[in-house]
Amino acid sequence: MDFSIKTFDAKNAIGLYKSGCIAVGIFDNGKLSSAAKSLDTKGTITAAVKRGDITGKAGSTLLLHGLSGTAAERILLVGLGAEDAVTDRNFISSVQSSARVFSTLGCNDALFALPLDVVRSRDSAWALRTTVVTIRESLYRTDELKSKKDAPKAGVKKLGIVTDTTSASAAKTTLAVSVAEANGMDLAKTLGNLPPNICTPTYLASTAKKIAKEFKLGIEVLDRKQLEALKMGSFLSVTNGSDQPPKFIVLKHMGGKAKAAPVVLVGKGITFDTGGISLKPGSGMDEMKYDMCGAASVLGTFRAIAEMKLKLNVIGVIPTCENMPSGSATRPGDIVTSMSGQTIEILNTDAEGRLILCDALTYVERFKPAVVVDIATLTGACVTALGHHNSGLFTRHDEAHDELAHELLAAGKESNDTAWRMPIEEIYQEQLKSNFADIANIGGPPGGSITAACFLERFTRKYTWAHLDIAGTAWKSGAAKGATGRPVPLLTSFLMKRAQG
Ligand code: BES
Ligand code: MN
Ligand code: ZN
């Protein structure tokens with residue numbers, strides 16, 4: 001979709017604008033939004049509402065043709081819900097409905113003239129961003145590997161979004177930023193959805209290189225030899241059973257001041273998680289191709305902030321490998337030495353995410369980070385705790401970490417990509433006691449997402465750190481199976497706020 005910003009005033013009225021379709025809003029009390037009113041010179045829209053053809057219920061639509069007094073070929077009336085309280089969900093649903101109709105129309109261009117300043121507790125920039133991201137979401141396709149493609153992409157290709165004249169230049173900036181964010185989400189989804197025989201650690205590394213080349217970012221990809229030299233015994237233990245070579249990706253977007261401490265993002269990149277010798281049950285195992293969604297969200301976020309030319313130093317680190325069973329695979333009971341020097345008793349080879357992350361978390365100390373955020377499809381227990389709506393957010397509980405947690409939670413609310421804070425308390429660390437090593441890699445079923453975070457916490461004591469468990473939010477199962485692109489919106493919002501200082 002080719003988006004643009006359009007403004008109108010008394011001289012250059014919206015009714016005079018030639019387009020295939022203009023979408024305007026109707027509230028559920030039958031009141032017309034101001035754009036709808038200005039198109040209603042002959043009272044046709046009011047009449048349609050009076051007859052009960054559209055109620056104004058959020059997401060309802062009515063398509064009118066050949067309205068006299070306007071140059072548009074069609075008018076699309078879209079319900080917004082209650083006038084005094086248009087909720088986030090109402091607005092999103094009205095955008096989704098508009099997108100659905102646009103995609104079926106026999107015209108190339110349209111205007112989106114739903115009011116952007118009516119959403120409760122949100123400003124026009126929020127509504128504009130939400131419009132762009134929601135429409136892009138509705139256009140996302142997963143038929144790349146089908147020999148017969150889904151129905152051809154019909155409908156509107158060029159969409160003008162109507163804002164008032166005074167905010168046009170701010171709106172153009174918001175539009176560009178929103179498109180960049182949607183591009184980042186697209187990349188994260190595409191990588192997530194790719195099959196594990198294509199999306200290997202090597203594929204992730206070459207994708208990172210491609211992004212680095214396109215946007216002139218710094219990149220380094222370490223291979224097995226270098227990881228051995230760094231003594232990443234924990235990370236390397238996970239890749240033992242796999243024929244795919246492990247990779248360790250370091251991406252640098254240095255858009256901030258030369259000496260400013262970077263924000264570091266660390267993404268879990270298990271391109272397929274069989275569980276290893278602690279093999280997972282067969283049913284639904286295909287979904288463990290999504291176990292690299294943390295890595296995909298880091299790459300997607302870099303795609304977004306690089307396109308925005310964000311004025312901030314950000315480093316992305318991705319440990320990536322497969323978790324496979326074989327004669328050379330790590331066994332339950334094996335003890336390995338992490339890069340930090342701490343020894344780990346691997347009681348369950350399926351708790352592999354923390355094993356690759358802990359070495360990455362030690363590695364990033366060298367960047368003297370402002371903060372480190374890791375993103376991982378880490379535990380099924382997090383899905384049990386929070387379901388599919390919130391990602392789990394874990395930090396220590398001191399002042400600096402409360403501040404970071406607050407920033408991340410706020411970024412999630414701003415971008416409709418919410419997280420919920422979970423506890424990390426010393427008492428849970430007791431579950432990770434090992435008789436034979438410094439620490440065990442599992443803490444038993446109670447509070448499984450918390451003990452996983454507690455494991456990571458031991459490797460992050462030299463900086464301010466947060467952990468996002470995205471096991472419940474990174475993809476959808478069932479008929480709508482597919483990656484969501486989360487938490488690219490949360491991370492992008494977080495970094496944008498940081499860049500503003
Ligand atoms: N990648 C999984 C976590 C996961 C499982 C995410 C299901 C989404 C859905 C992770 O590597 C894993 O297997 N975790 C184990 C940990 C357990 C062995 C302590 C889990 O959650 O069962
Ligand atoms: Mn696992
Ligand atoms: Zn995993």
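The values are calculated or read from the model by the stated rules, or taken from the named source; none is laboratory data. If you're wondering where the values come from, they're calculated on a predicted model, not measured in any experiment. Cβ sites come from the backbone with ideal geometry, for glycine too, and all protein chains shown count toward neighbours. What goes into the accessible areas is simple: the full protein's heavy atoms, side chains included, and nothing from ligands, DNA or RNA. Shrake-Rupley method; radii C 1.70, N 1.55, O 1.52, S 1.80 Å.
If we count every other residue with Cβ under 9 angstrom of Tyr140's Cβ, Lys/Arg +1 and Asp/Glu -1, where does the sum land? Before the final figure, lay out the partial values.
Details: positive: Arg136, Arg141, Lys189; negative: Glu137, Asp186.
Here the charged neighbours net out to +1.
Which cross-chain or sequence-distant (5 or more) residues have an amide H under 5 Å from the amide H of Arg421, H modelled 1.01 Å from N in plane?
Sorted by chain and number, the residues that satisfy this are Leu393.
Residues with amide H under 5 Å of Val86's amide H, sequence separation 5 or more or different chain, H placed in the peptide plane at 1.01 Å from N; which?
Arg120
Taking the Cα centre of the range 1-137 as the origin, how large is its charge dipole in debye, to the nearest 20, when only Lys and Arg (+1) and Asp and Glu (-1) carry charge on their Cβ atoms? Each step should come with its number before you reach the end.
Numbers: 16 positive and 13 negative charges, 37 e Å.
Computed charge dipole of the range 1-137: roughly 180 debye.
If a/c stays under 1.5 just call it rounded; otherwise compare a/b with b/c (prolate if a/b is bigger, oblate if not). Do that for the range 336-380, with a ≥ b ≥ c from the square roots of the Cα gyration tensor eigenvalues.
Details: a/c = 3.99, a/b = 1.37, b/c = 2.92.
The shape class here is oblate.
Straight-line reach from Lys311: which lysines fall under 24 Å, measuring Cα to Cα and dropping same-chain residues less than 8 apart?
Lys172, Lys209, Lys210, Lys213, Lys216, Lys252, Lys257, Lys259, Lys368, Lys413, Lys497
Quick one: Cα centre-to-centre distance for the range 392-432 and the range 249-288, in angstrom?
19 Å
How large is ³J(HN,Hα) for each residue in the range 474-483, as worked out from phi by the Karplus curve 6.51 cos²θ - 1.76 cosθ + 1.60 (θ = phi - 60°), to whole Hz, x for Gly and Pro?
6, 8, 10, 9, x, 4, 8, 3, x, 5
Which cross-chain or sequence-distant (5 or more) residues have an amide H under 5 Å from the amide H of Trp475, H modelled 1.01 Å from N in plane?
Thr484
How big is the dipole moment of the chain about its Cα centre under a simple scheme where the beta carbon of each Lys and Arg is +1, that of each Asp and Glu is -1, and everything else is neutral? Debye, nearest 20, please.
On the way: 58 positive and 50 negative charges, 344 e Å.
For this selection, approximately 1660 debye.
Shape call for the range 231-346 from the C-alpha gyration tensor, a ≥ b ≥ c root eigenvalues: rounded (a/c under 1.5), prolate (a/b greater than b/c) or oblate?
Values: a/c = 3.35, a/b = 1.74, b/c = 1.93.
The shape class here is oblate.
Between Lys216 and Lys476, what is the spin-label point distance in nm, taking each point 7 Å from the Cα along the Cα→C-beta axis?
3.9 nm
Hey, with R₀ at 35 Å, roughly what FRET efficiency would Ser326 and Glu399 work out to, going by the Cβ-Cβ distance, to 0.05? Spell out each step's value before the answer.
On the way: r = 47 Å, r/R0 = 1.35.
Efficiency computed from Cβ-Cβ geometry: 0.15.
Of Ala125, Thr142, Ser167, which is farthest on the positive side of the dipole of the range 95-184, counting Cα position, with +1 on Lys and Arg Cβ, -1 on Asp and Glu Cβ, and the Cα centre as origin?
Towards the positive end, the residue furthest out is Thr142.
Read phi for every residue in the range 383-389 and hand back ³J(HN,Hα) as whole Hz from Karplus 6.51 cos²θ - 1.76 cosθ + 1.60, θ = phi - 60°, with x for Gly and Pro.
5, 4, 6, 10, x, 9, 9
Accessible area per residue for the chain in Å², computed with a 1.4 Å probe and the full protein assembly in place, what is it?
On the way: 21030 Å² over 501 residues.
Counting only protein heavy atoms, the per-residue value for the chain is 42 Å².
Using a 1.4 angstrom probe on heavy atoms only, work out the carbon and sulfur share of the accessible area of the chain in %.
Working: 11120 of 21030 Å².
Roughly 53 percent, rounded to a whole number.
Taking the Cα-to-Cβ direction at Asn197 and at Gln226 and moving 7 Å from each Cα, how far apart do the two end points lie in nm?
3.0 nm
Starting from the Cα gyration tensor of the range 68-150, take the square roots of the eigenvalues, sort them a ≥ b ≥ c, and report rounded, prolate or oblate (rounded when a/c is under 1.5, otherwise prolate if a/b is larger than b/c, else oblate). Display every interim value, and only then the final one.
Details: a/c = 2.55, a/b = 1.35, b/c = 1.88.
In terms of gyration-tensor shape, oblate.
What is the packing order of peptides 392-405, 304-317, 68-81, taking the mean over residues of other C-beta atoms within 10 Å and listing the highest first? Please list the in-between numbers first.
Numbers: 392-405: 17.5, 304-317: 22.6, 68-81: 21.0.
For the peptides 392-405, 304-317, 68-81, the packing ranking is 304-317, 68-81, 392-405.
If one takes the longest principal axis of the Cα atoms in the chain, at what angle in degrees, from 0 to 90 and to the nearest 10, does the Cα axis of helix 201-215 lie?
50 degrees
How high is the FRET efficiency between Gln500 and Lys209 when r is their beta carbon distance and R₀ equals 30 Å, given to the nearest 0.05? Before the final figure, lay out each step's value.
Working: r = 30 Å, r/R0 = 1.00.
Working from the Cβ atoms, E equals 0.50.
Taking 30 Å as R0, compute the FRET efficiency from the Cβ-Cβ separation of Ser169 and Lys18 and round it to 0.05.
Details: r = 24 Å, r/R0 = 0.81.
Computed FRET efficiency for Ser169 and Lys18: 0.80.
Could you derive backbone 3J(HN,Hα) for the range 435-452 from the dihedral phi with the Karplus parameters 6.51, -1.76 and 1.60 (θ = phi - 60°), listing whole Hz in sequence and x where the residue is Gly or Pro?
6, 10, 9, 5, 7, 9, 8, 9, x, x, x, x, x, x, 6, 6, 5, 4
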